[in-house]
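The values are calculated or read from the model by the stated rules, or taken from the named source; none is laboratory data. This one's a predicted model, so the numbers in the text were calculated from it and none came from an experiment. With ideal geometry, Cβ positions are generated from the backbone for all residues, glycine too; neighbour counts draw on all protein chains shown. Ligands, DNA and RNA are stripped out before the accessible areas are found, and what is left, the full protein with its side chains, is counted by its heavy atoms. Shrake-Rupley method; radii C 1.70, N 1.55, O 1.52, S 1.80 Å.
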Amino acid sequence: MKKKLAGTALLWLGLSMACAQAADPNLGRNLAATCANCHGTDGNSAGGIPGLAGMSKAKMLGLINEFRSGAKPATIMHQLSKGYTDSQLDLIADYFASRTPVGGAK
Amino acid sequence: MSAARRGFIKGTLGLSAMAALYGCAGAGKGAKGHVVVVGGGYGGATAAKYISMWSEGGIRVTLVERNAAFVSCPISNLVIAGEKQLSDITIGYEGLAKYGITVVQDEVTAVDAEKRMIRLARGGDLAYDRLVLSPGVDFMYESLPGMASAAAKESILHAWKAGPQTVALRKQLEAMPDGGVFAMTIPKAPYRCPPGPYERACMVAHYLKQAKPKSKVLVLDANEDIVSKKGLFTKAWADNYKGMIEYRPQSELRDVDVGNRTAILEFEQVKASVLNVVPPQRAGDIAAKSGLKLINNRWVDVNWLTMESTSTPNIHVLGDAIFPAPTMPKSGHMANQHAKVAAAAIINLMSGQPPSDAPLVMNTCYSFVDATNVVHVASVHPYDAATKQPQPVKGAGGLSAAPTEMEGKYALAWARNIWADMLT
Ligand SMILES: Cc1cc2nc3c(=O)[nH]c(=O)nc-3n(C[C@H](O)[C@H](O)[C@H](O)COP(=O)(O)OP(=O)(O)OC[C@H]3O[C@@H](n4cnc5c(N)ncnc54)[C@H](O)[C@@H]3O)c2cc1C
C-alpha cells in the first residue's frame with residue numbers, strides 16, 4: 001500500500017513536471033501583451049509606433065539583438081529589450097509572427 | 001495481476017485522463033462565469049477587454065464606471081498648458097461593445113464579498129464570480145482641514161483626476177494676471193504618477209513664458225528631493241525656464257487658507273495667484289473601504305501572480321490602488337500591465353487551472369518638458385519567486401539622455417496606442 005502511494009505521488013510529480021515544461025501555453029501571449037501598450041493590441045499598431053503583428057521571428061529577434069548591442073540606435077528599445085530573457089523573447093517573437101496584421105502595416 | 005496492481009493502473013489512467021483534460025495544452029479553454037470590473041480607467045478598461053478577448057467571450061464581463069466617458073490623465077498637462085483640448089483626451093466606451101462587454105454607467109457603493117455582490121448607487125445589486133477593482137486613487141483631505149468643504153474643493157483644484165478639474169485649472173491660469181504666482185504642492189510619495197507634478201511645472205511654465213512672462217511657478221514638494229527624472233527636470237528648468245520655476249523640497253503642506261489662496265507650510269505661508277494642491281492619496285474608496293487588507297492603511301495588498309487581494313478571495317485589484325512592488329510606479333502604463341496579469345490569471349482560475357507562475361510587467365512613462373520635447377523613464381519587472389513579487393531587472397530600463405522631439409512624437413503615439421489597447 002505504501003509502495004503504491006509512493007508510485008502515485010511520483011507519477012503526479014512526473015505529470016506536473018511534463019506540464020511545467022510544456023508549461024503555460026499562454027506564456028507567449030501574456031508576454032507579448034506587455035508590448036501592446038505601445039505596439040498595439042496583438043501587435044496591430046494604432047499608428048506612430050511600428051506594428052509587430054505578422055513580423056517574422058527572425059526579423060524580430062534580429063532587431064532585438066541590434067537594439068541590445070547598440071548596433072541599431074533607439075530611444076527606448078535598447079533599454080527595454082534588456083529586460084527580457086532570450087527565452088521570453090523567443091516566445092514573444094513566435095506569438096507576433098503568428099498574428100495576422102489588421103488593415104496592413106502602419 | 002493482483003487487484004492492487006489493477007487498481008493502480010486504473011488510477012494511472014485516471015490521472016493521465018485528468019492531465020489531458022485539465023493539464024498542459026489549452027489552458028484557459030472553457031473558462032466561464034461572470035466577471036464584474038469596477039472602474040473604466042487604465043486598469044479596469046484593459047482588464048475588461050482582455051478577459052473578454054482572451055476567453056473568447058466564454059467569460060461574461062460587465063464594466064461599471066461612474067463617468068460617461070474615459071478622460072486620460074496622461075496628456076492632461078498639455079490641456080492645462082493650452083496645447084490640447086479636453087476632447088483630445090476623452091474617449092467613449094462604445095468600442096468595448098464588440099467584445100460583448102456590458103458597460104454600466106453607475107457608482108459602485110458597496111461590495112459584499114461573502115455574497116459576491118456589489119451595490120450600485122442607482123439601485124440594484126450585481127452578482128459576480130470574480131470582481132476586479134481598479135478605482136484609482138482618492139484624496140486624503142482629512143489631513144488638510146481647510147479643504148473640507150465642497151466650496152474649498154471647487155476653488156483650490158487638484159486636477160489630479162482628468163476631467164472638469166483639468167479644464168477649471170486651465171481657466172484659473174488664463175485668468176491669472178501677468179506677474180502672478182502659480183504654486184503647486186506635491187504630497188509625499190507614493191502618489192499617482194511620480195514624474196507628473198514636475199511635468200506639470202514644465203507645462204505651466206511653458207504657457208506662462210509665452211502668455212504671462214513676468215509670472216512664476218513655485219513647486220512646493222513634501223519630498224526630500226525631486227522624486228522622478230531629477231536630472232532631466234532640473235536641466236529642463238534651468239535651460240528653458242530659468243528664473244521662472246522655483247523648486248522647494250521638504251515643503252510639506254499642512255493646511256490651506258482657501259480664501260487667501262495660501263498654502264500653509266510648517267514654517268511659512270505662501271500666497272499664490274493660482275494654488276494647485278495635489279493632496280496625499282490612497283486607494284480609491286471602493287477598494288479602501290470594502291474590508292480588503294491594506295498596507296499603511298492606504299494601499300491594497302495583492303498576490304502578484306493573480307492580483308487578487310491577499311485577504312479576500314475572488315476580488316482582484318489593479319493600478320494605483322495597490323501597494324506597489326519595489327520601484328514600481330503608479331502609472332497608467334503599469335495599471336494596463338497589471339490588468340493583463342489579472343486577465344490571464346482570472347481566465348485560468350475560471351477554467352480550473354493554476355495561474356501562470358511567470359508573469360512580467362513593464363513600464364514606460366513619458367513627460368513633456370515643453371509642447372514638443374519629451375523625456376522617458378522605463379523599467380521591466382518580471383515576477384521573482386523568491387520574494388513573491390515583481391522585481392526590476394538590473395541593467396534594463398533607464399532614462400532618456402535628453403529631451404527630444406522624436407520622443408515627443410513617441411509620447412503621443414504611446415497615448416494613441418494605449419488608449420486603443422484599452423478601449424477599441
Ligand atoms: C497629470 C497626470 C499625468 C499622468 N501622466 C501619465 C503618463 O504620462 N503615463 C502614465 O503611464 N501614467 C500617467 N499618469 C498616471 C495615470 O493616470 C494613473 O496611474 C492611472 O490612471 C491609473 O489607472 P487606474 O485604473 O488605477 O485608475 P484610473 O485610470 O483613474 O481609473 C479609475 C476609474 O474608476 C472609476 N471609479 C472609481 N471608483 C468608482 C466607483 N465606486 N464606481 C464606479 N466607478 C468608479 C473612476 O471614475 C475612473 O474612471 C498621470 C497622472 C496624472 C494625474
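Numerical summary
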{"quantity": "Helices (runs of 4 or more DSSP H) contained in the range B:143-240 and holding at least 1 residues over 30 Å from B:T327 (Cα atoms)", "calculated": "B:150-155, B:164-175, B:196-211"}
{"quantity": "Hits in the range A:28-47 (condition: within 7 Å of chain B (Cβ to nearest Cβ) and touching a Phe, Trp or Tyr at 6+ places or on another chain (Cβ under 6 Å))", "calculated": "A:C38"}
{"quantity": "Qualifying positions in the range A:90-104 - of a type in the set (V, I, T) and either modelled with pLDDT under 95 or not in a helix (DSSP H, G or I) (or both)", "calculated": "A:T100, A:V102"}
{"quantity": "Members of the range B:250-289 that are of a type in the set (S, T, N, Q) and either more than 22 Å from B:I156 (Cβ to Cβ) or part of a loop (DSSP other than H, G, I, E, B) (or both)", "calculated": "B:Q250, B:S251, B:N260, B:S273"}
{"quantity": "Pair list, Cβ < 8 Å and 6+ apart or interchain, from the range B:85-106 residues that are under 11 Å from B:T424 (Cβ atoms) to residues that are in a loop (DSSP other than H, G, I, E, B) and modelled with pLDDT under 95", "calculated": "B:Y99/B:G57"}
{"quantity": "Some residue of the range A:48-69 being in contact with a helix residue (DSSP H, G or I) (Cβ under 7 Å, 6 or more places away or on another chain), at pLDDT 95 or above, within 11 Å of chain B (Cβ to nearest Cβ) and not in a loop (DSSP other than H, G, I, E, B)", "calculated": "yes"}
{"quantity": "Failed criterion for B:T387 (all others in (1) more than 7 Å from chain A (Cβ to nearest Cβ); (2) open to solvent by less than 10 Å² (accessible area, probe 1.4 Å) hold)", "calculated": "(2)"}
{"quantity": "Residues that are within 14 Å of chain A (Cβ to nearest Cβ), over 11 Å from the mean Cα position of the chain (by Cα) and within 11 Å of the ligand (Cβ to nearest atom), drawn from the range B:28-47", "calculated": "B:A45, B:T46, B:A47"}
{"quantity": "Single residue of the range B:188-203 satisfying the filter (under 20 Å from B:M140 (Cβ atoms) and open to solvent by 10 Å² or more (accessible area, probe 1.4 Å)) that is nearest to the ligand (Cβ to nearest atom)", "calculated": "B:C193"}
{"quantity": "Qualifying positions in the range B:235-259 - more than 20 Å from B:S215 (Cβ to Cβ), loosely packed, with under 14 Cβ neighbours inside 10 Å and more than 29 Å from the chain's Cα centre (by Cα)", "calculated": "B:G259"}
{"quantity": "Strands (runs of 3 or more DSSP E) fully within the range B:14-122 counting 2 or more residues that are at pLDDT 95 or above and among the polar types (S, T, N, Q)", "calculated": "B:102-105"}
{"quantity": "Residue list for the range B:54-74, restricted to those being touching a residue at least 60 places away in the same chain (Cβ under 8 Å), hydrophobic (A, V, I, L, M, F, W, C) and within 15 Å of the ligand (Cβ to nearest atom)", "calculated": "B:V64, B:F70, B:V71, B:C73"}
{"quantity": "In the range B:77-93, the residues that are closer than 30 Å to A:N30 by Cβ and within 11 Å of the ligand (Cβ to nearest atom)", "calculated": "B:I89, B:Y93"}
{"quantity": "Tabulated pairs, the range B:392-419, first at pLDDT below 95, second more than 16 Å from the ligand (Cβ to nearest atom), C-beta under 8 angstrom, 6+ apart or interchain", "calculated": "none"}
{"quantity": "Count - residues of the range B:403-424 that are open to solvent by less than 10 Å² (accessible area, probe 1.4 Å) and either in contact with a strand residue (DSSP E or B) (Cβ under 9 Å, 6 or more places away or on another chain) or among the hydroxyl-bearing types (S, T, Y) (or both)", "calculated": "6"}
{"quantity": "Qualifying residue in the range A:3-21 (condition: among the charged types (D, E, K, R) and at pLDDT 95 or above)", "calculated": "no"}
{"quantity": "Filter result for the condition that a residue is in the same structural domain as B:E252 (by TED's automatic domain parsing) and either under 30 Å from B:A343 (Cβ atoms) or open to solvent by 60 Å² or more (accessible area, probe 1.4 Å) (or both), over B:T102, B:T166", "calculated": "B:T166"}
{"quantity": "Close pairs (6 angstrom Cβ cut-off, 6 or more residues apart or separate chains): within 20 Å of B:Y207 (Cβ to Cβ) in the range B:223-246, surrounded by 22 or more Cβ atoms within 10 Å (Cβ to Cβ) and small (G, A, S) anywhere", "calculated": "B:Y241/B:A205; B:M244/B:A205; B:I245/B:A201; B:I245/B:A205"}
{"quantity": "Hits in the range B:158-173 (condition: touching a strand residue (DSSP E or B) at 6+ places or on another chain (Cβ under 7 Å) and in contact (Cβ under 8 Å) with a residue 24 or more places away in the chain)", "calculated": "B:H158, B:A159, B:A162, B:G163, B:L169, B:Q172, B:L173"}
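Residue-by-condition table, conditions (1) more than 7 Å from chain A (Cβ to nearest Cβ); (2) open to solvent by less than 10 Å² (accessible area, probe 1.4 Å); (3) farther than 21 Å from B:V71 by Cα:
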| position | (1), (2), (3) |
| --- | --- |
| B:A325 | yes, yes, yes |
| B:M334 | yes, yes, no |
| B:S351 | yes, no, yes |
| B:T364 | no, yes, no |
| B:A378 | no, yes, yes |
| B:Q391 | yes, no, yes |
| B:A401 | yes, no, yes |
